[in-house]
Amino acid sequence: MVSSLSRAIDTTEKLLGKRWSRWEWGDLHVALFEHPISSVVDDALARRLQVGPVPVGGGDEVVGDTGFVIDDPDAKIADLRAAFQVASGASFRQVIDVGSWDRSLVINNPGQSGDPDSPHYRDLIRPWARGRAVPMLFSRARVEAAVEQRITCRPLA
């Protein structure tokens, strides 16, 4: 047990430094979202499409599921650091208040838009990473009050 603890401390110091009081789980455990086309576009576009890394709490056995996979605990430090990256979890969460629909909450990462030029491409990543949510509006009055943009689709003649 003592040798395991000693090895764990040594590895953690290599990952996070010798000042234990500065150790933070989010310095290791991060969420990084790479776009599905990143492997076939140039590096500049791949970076523009990427969201994160952002620090997250949790793990794979808690309510805020943000699992990671460590296949080889004896891996090199760089590989071990990468292993703590979020590999699973809920990207979409919602809480529905059926007694008062407009009090419902939702979060979807990294944002509500698939367009990297949109302000809503990555705007929900930080609230998601912190376990927060945003209003999920239902009534016409609340939706109308929150409208930022309207897109009208019309059939071709």
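Here, each number is a calculation from the coordinates, and none is a lab measurement. Predicted model, so just to flag it, every value in this text is computed and none were measured. Backbone-built Cβ (ideal geometry, glycine too); neighbour counts: all protein chains shown.
For segment 24-89, relative contact order (Cα pairs under 8 Å, six or more residues apart, normalised by length) works out to 34 percent. Taking a quarter of the surface of the Cα convex hull of the chain gives a mean projected area of 15.1 nm².
The ranking of MET1, MET136 by Cβ neighbour count inside 10 Å, starting from the fewest, reads MET1, MET136. Taking every C-alpha pair closer than 8 Å and separated by at least 6 residues, the mean separation divided by the residue count of the chain gives a relative contact order of 16 percent. What is the list of residues in segment 32-65 whose amide nitrogen lies under 18 Å from a point 7 angstrom out from the Cα of GLU24, following Cα to Cβ? Under cut-off, by backbone N: 32, 52-59. When the charge dipole of the chain is built from unit charges on Cβ atoms (+1 for Lys and Arg, -1 for Asp and Glu) and taken about the Cα centre, the candidate among PHE68, ALA78, ILE107 whose Cα reaches farthest toward its positive end is ILE107. For the chain, the dipole from Cβ point charges (+1 on Lys and Arg, -1 on Asp and Glu) about the Cα centre works out to 540 debye, to the nearest 20.
When only Cα pairs below 8 angstrom with a gap of at least 6 residues are kept, segment 90-148 shows a relative contact order of 32 percent.
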